[in-house]
1. Using the structure shown, select from LYS75/LYS113; LYS113/LYS249; LYS71/LYS175; LYS54/LYS175; LYS113/LYS224; LYS113/LYS180 the pairs with a Cα to Cα distance greater than 26 angstrom.
2. Please report, as a whole percent, how much of the solvent-accessible surface of the chain comes from carbon and sulfur atoms (probe radius 1.4 Å).
3. Taking the Cα centroid of the stretch 102-155 and of the stretch 209-231, what is the distance between the two, rounded to the nearest whole Å?
4. Would you work out the relative contact order for the chain, in percent, from Cα pairs under 8 angstrom that are 6 or more residues apart?
5. Determine the per residue accessible area of the chain with all protein chains present and a 1.4 angstrom probe, expressed in square angstrom.
6. Out of the DSSP beta bridges found with both residues in the stretch 96-254, what percent are antiparallel (nearest 5)?
7. State, in angstrom, two size descriptors of the stretch 41-190 derived from its alpha carbons: Rg to one decimal place and Dmax to the nearest whole number.
8. What 222 nm value per residue comes from the helices of the chain, counting each DSSP H run with n ≥ 4 as -39,500 (n - 2.57) and dividing by all residues, nearest 500 deg cm²/dmol?
Amino acid sequence: MPFYQRSFLYLIRKRTKSILLLLIFLLVNSMILSTNMILHATERTEAAMQEKTKAKVVCDAADTANMITDKEAEKIENLANVTSVNRLGQQSAYLTDLTPVTASDSTEQDNLKVSLQSFDDLETDSPFEDQSYRLTDGELITPETQYGAVINAGFADANGLQIGDQISFETENGKTVTVKVIGEYLVGNESRQDKSTLAVYRVENQIYIDNTAYLELFGDGFYKVSAYTGQPDLLDSLAGEVQDILQEKAEVTTSDALYQQMKAPLTQITRVVELMRMLTFITGTVIVS
């Protein structure tokens, strides 16, 4: 009698055992397949999470007289694991055709100036990211913005400005630049400021511009540069590379708190699923044996 006939007859004779073994095999295979699918899903989730949590290396200039240059920021951006950079600058300037908001009668020059703060991307590393400042109209500065400005709504009302209008600034050295209003914002504490506060320190006179306009007006000099990476596990080595570029002129730190916060439950899930897969395999092997 051929072996396959003997096998078939054996299965017929041992129907209960055969069905039981089939169910065990189905259960074990289904469990192992399910745990593998969960592990693959967690791996994909972690990879996507690494890109979106914006782990970064933060460089703060140690001395305002020796700030981070645009060339140094470009070297940082060109590093292998850097996905993007955000350069932050801050200076004061005069308005050529408009008047800053002030309740002070001081004749100091700071009472005639506005504070210009530059960003590559206002959606990160800015008060708009943590919602301390609220955009009320228009849009924020992005890496594609050129000669754009986001102004306080109180400053806009005081000078009759609207989205699309232009503002011109002038430095003490006589350099000028003109930008277009692309957004308006509110903080909420505008009315609670001391009347003696000079114009350059008032929140209404904080104007956010892009770095194209900033570099044309002031030249090199960023007080802070943030370098983002899609590989948080390599953050420490990236910080070392950045420190080699900047040497002692900047303090370099890392920031991946959001990634670590999101990674913790994912790691626990992975451990539990791996344990389930191992126990399923061992249990199935013992029962079948």
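The values are calculated or read from the model by the stated rules, or taken from the named source; none is laboratory data. What you see is a predicted model, and the numbers here were worked out from it, not measured in a lab. Here the Cβ positions follow ideal geometry from the backbone for every residue, glycine too, while neighbour counts run over all protein chains shown. Surface accessibility is based on the protein's heavy atoms, side chains included, excluding ligands, DNA and RNA. Shrake-Rupley method; radii C 1.70, N 1.55, O 1.52, S 1.80 Å.
1. Details: LYS75/LYS113 33 Å; LYS113/LYS249 29 Å; LYS71/LYS175 21 Å; LYS54/LYS175 36 Å; LYS113/LYS224 22 Å; LYS113/LYS180 18 Å.
Over 26 Å apart, Cα to Cα: LYS75/LYS113; LYS113/LYS249; LYS54/LYS175.
2. Numbers: 8590 of 16530 Å².
Carbon and sulfur atoms account for 52 percent of the accessible area of the chain.
3. 15
4. This gives 32 percent for the chain.
5. Ligands and nucleic acids excluded, the result is 57 Å² per residue.
6. Working: 11 of 21 bridges.
Taking every DSSP beta bridge with both residues in the stretch 96-254, the antiparallel ones total about 50 percent.
7. Both quantities, over Cα of the stretch 41-190: 18.2, 64 Å.
8. After summing the helix terms and dividing by residue count, I get -13500 deg cm²/dmol.
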